[in-house]
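**Student:** What follows is a single structure, and I will ask about it in a moment.
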Amino acid sequence: MENPIQLIEQGLKRKSTVDVRSGDTVRVHQKVLEAGKTRVQVFEGTVIRTKRMASSTANFTVRRIASGVGVEKTYLLHSPSVTKIEVTKRSKVRRNYLSYMRGLRGKGARLTGVKFDREAVGTIEDEAATTEETKIKEEQAKAHKEAEAAKAEEEAKREAKVKELLSKHEPTSTPEESLEPLKAEADKIEEQPKEKAAAQGPAEPQNKEK
(Lines give C-alpha, C1' and ligand atoms only; values in the text may rest on other atoms or scores of the structure.)
Protein backbone atom coordinates (compact mmCIF):
# COMPACT_ATOMS: atom_id res chain seq x y z
CA MET A 1 0.00 0.00 0.00
CA GLU A 2 1.35 3.39 -0.98
CA ASN A 3 1.90 6.14 1.54
CA PRO A 4 -1.00 8.68 1.51
CA ILE A 5 1.48 11.54 1.71
CA GLN A 6 3.22 10.30 -1.42
CA LEU A 7 -0.13 10.05 -3.21
CA ILE A 8 -0.90 13.66 -2.32
CA GLU A 9 2.54 14.77 -3.45
CA GLN A 10 2.13 12.96 -6.75
CA GLY A 11 -1.18 14.74 -7.26
CA LEU A 12 0.46 18.12 -6.70
CA LYS A 13 3.16 17.51 -9.29
CA ARG A 14 2.85 18.89 -12.78
CA LYS A 15 2.69 16.52 -15.71
CA SER A 16 5.51 18.32 -17.51
CA THR A 17 8.29 20.43 -16.03
CA VAL A 18 11.35 22.30 -17.22
CA ASP A 19 14.77 20.73 -16.80
CA VAL A 20 16.19 23.64 -14.80
CA ARG A 21 19.87 23.37 -13.89
CA SER A 22 22.35 25.54 -12.02
CA GLY A 23 23.93 28.06 -14.37
CA ASP A 24 20.85 28.37 -16.60
CA THR A 25 19.49 31.77 -17.54
CA VAL A 26 15.71 31.57 -17.13
CA ARG A 27 12.61 33.74 -17.42
CA VAL A 28 10.01 32.88 -14.78
CA HIS A 29 6.39 34.02 -15.16
CA GLN A 30 4.61 34.22 -11.81
CA LYS A 31 1.12 35.35 -10.79
CA VAL A 32 1.18 38.12 -8.18
CA LEU A 33 -1.85 39.39 -6.23
CA GLU A 34 -1.74 43.12 -5.43
CA ALA A 35 -4.61 45.23 -4.13
CA GLY A 36 -7.15 42.58 -5.07
CA LYS A 37 -5.86 42.37 -8.67
CA THR A 38 -3.78 39.62 -10.23
CA ARG A 39 -0.93 40.38 -12.59
CA VAL A 40 1.90 38.37 -14.16
CA GLN A 41 5.43 39.26 -13.06
CA VAL A 42 8.40 38.16 -15.19
CA PHE A 43 11.74 37.66 -13.43
CA GLU A 44 14.84 36.87 -15.48
CA GLY A 45 18.19 35.85 -14.05
CA THR A 46 20.73 33.10 -13.46
CA VAL A 47 19.90 29.93 -11.55
CA ILE A 48 22.42 29.67 -8.71
CA ARG A 49 20.88 26.68 -6.93
CA THR A 50 18.49 23.77 -7.48
CA LYS A 51 17.14 21.57 -4.71
CA ARG A 52 15.19 18.27 -4.61
CA MET A 53 14.31 18.47 -8.30
CA ALA A 54 12.73 14.98 -8.29
CA SER A 55 10.26 15.70 -5.49
CA SER A 56 7.05 17.71 -5.29
CA THR A 57 8.92 20.39 -3.29
CA ALA A 58 11.51 20.97 -6.02
CA ASN A 59 12.75 24.55 -6.01
CA PHE A 60 15.39 26.71 -7.62
CA THR A 61 16.91 30.10 -6.81
CA VAL A 62 17.27 32.80 -9.48
CA ARG A 63 19.65 35.74 -9.08
CA ARG A 64 19.91 38.97 -11.05
CA ILE A 65 21.43 42.44 -10.66
CA ALA A 66 18.84 45.24 -10.55
CA SER A 67 20.14 48.83 -10.35
CA GLY A 68 23.45 47.60 -8.98
CA VAL A 69 21.81 45.50 -6.26
CA GLY A 70 21.69 41.71 -6.26
CA VAL A 71 18.16 40.29 -6.08
CA GLU A 72 17.38 36.61 -5.48
CA LYS A 73 14.06 34.79 -5.67
CA THR A 74 13.32 31.15 -4.94
CA TYR A 75 10.53 29.43 -6.88
CA LEU A 76 8.77 26.12 -6.36
CA LEU A 77 8.89 24.19 -9.61
CA HIS A 78 5.37 22.76 -9.13
CA SER A 79 3.79 25.92 -7.69
CA PRO A 80 0.44 26.90 -9.28
CA SER A 81 1.52 30.55 -9.20
CA VAL A 82 4.41 29.81 -11.61
CA THR A 83 2.70 29.85 -14.99
CA LYS A 84 5.69 29.54 -17.30
CA ILE A 85 9.45 28.89 -17.21
CA GLU A 86 11.75 29.60 -20.15
CA VAL A 87 15.39 28.54 -20.35
CA THR A 88 17.10 31.10 -22.58
CA LYS A 89 20.72 30.06 -21.97
CA ARG A 90 22.54 27.05 -20.57
CA SER A 91 26.02 27.45 -19.07
CA LYS A 92 28.74 25.01 -18.09
CA VAL A 93 29.26 24.90 -14.31
CA ARG A 94 30.80 22.38 -11.92
CA ARG A 95 28.72 23.05 -8.83
CA ASN A 96 25.09 22.87 -7.88
CA TYR A 97 25.24 25.86 -5.53
CA LEU A 98 26.90 28.85 -7.22
CA SER A 99 27.39 30.93 -4.08
CA TYR A 100 30.48 32.59 -5.57
CA MET A 101 28.23 34.44 -8.04
CA ARG A 102 27.23 36.81 -5.22
CA GLY A 103 30.73 38.27 -5.12
CA LEU A 104 31.09 38.80 -8.88
CA ARG A 105 30.17 41.91 -10.84
CA GLY A 106 30.09 42.93 -14.50
CA LYS A 107 31.87 40.67 -16.97
CA GLY A 108 33.16 38.48 -14.15
CA ALA A 109 29.60 37.32 -13.47
CA ARG A 110 29.09 36.01 -17.01
CA LEU A 111 29.07 32.26 -17.52
CA THR A 112 30.25 30.40 -20.60
CA GLY A 113 27.27 29.19 -22.58
CA VAL A 114 26.89 25.74 -24.13
CA LYS A 115 24.61 24.43 -26.86
CA PHE A 116 21.36 22.74 -25.82
CA ASP A 117 18.06 21.69 -27.33
CA ARG A 118 16.10 24.90 -26.88
CA GLU A 119 12.85 23.50 -28.28
CA ALA A 120 12.82 20.51 -25.93
CA VAL A 121 14.03 22.26 -22.79
CA GLY A 122 13.63 25.98 -23.36
CA THR A 123 9.89 26.40 -22.89
CA ILE A 124 7.54 23.96 -21.18
CA GLU A 125 4.31 25.44 -19.92
CA ASP A 126 1.05 24.36 -18.37
CA GLU A 127 -1.90 24.87 -20.73
CA ALA A 128 -4.29 25.81 -17.93
CA ALA A 129 -1.74 28.25 -16.49
CA THR A 130 -1.11 29.74 -19.93
CA THR A 131 -4.84 30.24 -20.48
CA GLU A 132 -5.14 31.92 -17.09
CA GLU A 133 -2.12 34.13 -17.85
CA THR A 134 -3.70 35.21 -21.15
CA LYS A 135 -6.94 36.01 -19.31
CA ILE A 136 -5.05 38.10 -16.74
CA LYS A 137 -3.28 40.05 -19.50
CA GLU A 138 -6.60 40.72 -21.24
CA GLU A 139 -8.10 41.98 -17.97
CA GLN A 140 -5.07 44.23 -17.42
CA ALA A 141 -5.37 45.64 -20.94
CA LYS A 142 -9.09 46.26 -20.45
CA ALA A 143 -8.53 47.99 -17.10
CA HIS A 144 -5.78 50.15 -18.62
CA LYS A 145 -8.04 51.12 -21.52
CA GLU A 146 -10.88 52.05 -19.15
CA ALA A 147 -8.51 54.13 -17.02
CA GLU A 148 -7.23 55.98 -20.10
CA ALA A 149 -10.81 56.68 -21.25
CA ALA A 150 -11.78 57.99 -17.80
CA LYS A 151 -8.69 60.21 -17.75
CA ALA A 152 -9.47 61.61 -21.21
CA GLU A 153 -13.07 62.32 -20.17
CA GLU A 154 -11.90 64.12 -17.04
CA GLU A 155 -9.46 66.24 -19.07
CA ALA A 156 -12.22 67.15 -21.53
CA LYS A 157 -14.52 68.23 -18.68
CA ARG A 158 -11.74 70.33 -17.17
CA GLU A 159 -10.99 72.06 -20.48
CA ALA A 160 -14.69 72.80 -21.01
CA LYS A 161 -14.92 74.33 -17.52
CA VAL A 162 -11.85 76.50 -18.14
CA LYS A 163 -13.29 77.76 -21.43
CA GLU A 164 -16.58 78.56 -19.71
CA LEU A 165 -14.82 80.57 -17.00
CA LEU A 166 -12.75 82.45 -19.58
CA SER A 167 -15.84 83.32 -21.60
CA LYS A 168 -17.51 84.79 -18.49
CA HIS A 169 -14.52 87.00 -17.65
CA GLU A 170 -13.64 87.95 -21.24
CA PRO A 171 -13.37 91.78 -21.65
CA THR A 172 -15.84 93.39 -24.07
CA SER A 173 -13.47 96.18 -25.16
CA THR A 174 -10.09 96.05 -26.83
CA PRO A 175 -6.91 96.59 -24.79
CA GLU A 176 -6.49 100.15 -26.15
CA GLU A 177 -10.06 101.06 -25.20
CA SER A 178 -9.61 99.65 -21.71
CA LEU A 179 -6.55 101.89 -21.21
CA GLU A 180 -8.32 105.15 -22.21
CA PRO A 181 -9.88 105.83 -18.75
CA LEU A 182 -6.51 105.32 -17.10
CA LYS A 183 -4.80 107.71 -19.52
CA ALA A 184 -7.44 110.41 -18.95
CA GLU A 185 -7.06 110.09 -15.18
CA ALA A 186 -3.26 110.37 -15.46
CA ASP A 187 -3.53 113.54 -17.58
CA LYS A 188 -5.91 115.07 -15.04
CA ILE A 189 -3.47 114.42 -12.19
CA GLU A 190 -0.65 116.09 -14.14
CA GLU A 191 -2.73 119.23 -14.89
CA GLN A 192 -3.75 119.83 -11.25
CA PRO A 193 -0.36 121.27 -10.06
CA LYS A 194 -0.22 123.61 -13.07
CA GLU A 195 -3.71 125.02 -12.44
CA LYS A 196 -2.91 125.55 -8.75
CA ALA A 197 0.28 127.43 -9.58
CA ALA A 198 -1.52 129.66 -12.11
CA ALA A 199 -4.20 130.56 -9.52
CA GLN A 200 -1.62 131.67 -6.93
CA GLY A 201 0.12 134.06 -9.34
CA PRO A 202 3.82 134.88 -9.59
CA ALA A 203 5.94 134.33 -6.50
CA GLU A 204 6.96 137.54 -4.55
CA PRO A 205 10.70 138.23 -4.49
CA GLN A 206 12.33 137.89 -1.08
CA ASN A 207 14.11 140.93 0.47
CA LYS A 208 17.78 140.49 0.81
CA GLU A 209 19.29 141.17 4.22
CA LYS A 210 21.40 144.28 4.39
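The values are calculated or read from the model by the stated rules, or taken from the named source; none is laboratory data. All values derive from a computational prediction rather than experimental measurement. Because the Cβ atoms are built from the backbone with ideal geometry, glycine has one as well, and the counts that use them run over all protein chains shown.
**Student:** Being in a strand (DSSP E or B) and aliphatic (A, V, I, L, M) is true for just one of 20, 40, 93. Which residue is that?
**Tutor:** Going through 20, 40, 93 in turn, just one is in a strand (DSSP E or B) and aliphatic (A, V, I, L, M): 40.
**Student:** Condition check: surrounded by 14 or more Cβ atoms within 10 Å (Cβ to Cβ) and more than 28 Å from the chain's Cα centre (by Cα). Does residue 98 satisfy that?
**Tutor:** yes
**Student:** Can you report the number of residues in the stretch 81-108 which are free of Cβ contacts under 8 Å to residues at least 60 places away in the same chain and under 18 Å from residue 26 (Cα atoms)?
**Tutor:** So the first thing to find is which residues in the stretch 81-108 are free of Cβ contacts under 8 Å to residues at least 60 places away in the same chain, and the list is 81-84, 94, 99-108.
This time we only want the ones that are under 18 Å from residue 26 (Cα atoms), so: 81-84, 99, 101-102.
Here the count works out to 7.
**Student:** On to the next question. Any idea which residue in the stretch 25-46 is surrounded by the fewest Cβ atoms within 10 Å (Cβ to Cβ), counting only those that are within 26 Å of residue 100 (Cβ to Cβ) and not hydrophobic (A, V, I, L, M, F, W, C)?
**Tutor:** By that ranking, first place goes to 44.
**Student:** Something else now. State all residues of the stretch 52-64 that are at pLDDT 90 or above and surrounded by fewer than 17 Cβ atoms within 10 Å (Cβ to Cβ); if no residue qualifies, say none.
**Tutor:** Listed by number, the list holds a single entry, 64.
**Student:** Return yes when residue 47 is within 14 Å of residue 19 (Cα to Cα) and part of a strand (DSSP E or B) and no when it is not. Let's see the steps before the verdict.
**Tutor:** Working: within 14 Å of residue 19 (Cα to Cα): yes; part of a strand (DSSP E or B): yes.
Taking the combined requirement at face value, the residue satisfies it.
**Student:** Looking at residue 49 and the list (1) surrounded by fewer than 14 Cβ atoms within 10 Å (Cβ to Cβ); (2) within 26 Å of residue 95 (Cα to Cα); (3) charged (D, E, K, R); (4) more than 22 Å from the chain's Cα centre (by Cα), which single condition is not satisfied?
**Tutor:** If we test residue 49 against (1) surrounded by fewer than 14 Cβ atoms within 10 Å (Cβ to Cβ); (2) within 26 Å of residue 95 (Cα to Cα); (3) charged (D, E, K, R); (4) more than 22 Å from the chain's Cα centre (by Cα), just (1) comes out false.
**Student:** Find the residue count for the stretch 1-41, including only residues that are on the phi > 0 side of the Ramachandran plot and either in contact (Cβ under 8 Å) with a residue 12 or more places away in the chain or touching a helix residue (DSSP H, G or I) at 6+ places or on another chain (Cβ under 9 Å) (or both).
**Tutor:** Within the stretch 1-41, residues that are on the phi > 0 side of the Ramachandran plot and either in contact (Cβ under 8 Å) with a residue 12 or more places away in the chain or touching a helix residue (DSSP H, G or I) at 6+ places or on another chain (Cβ under 9 Å) (or both) number 1.
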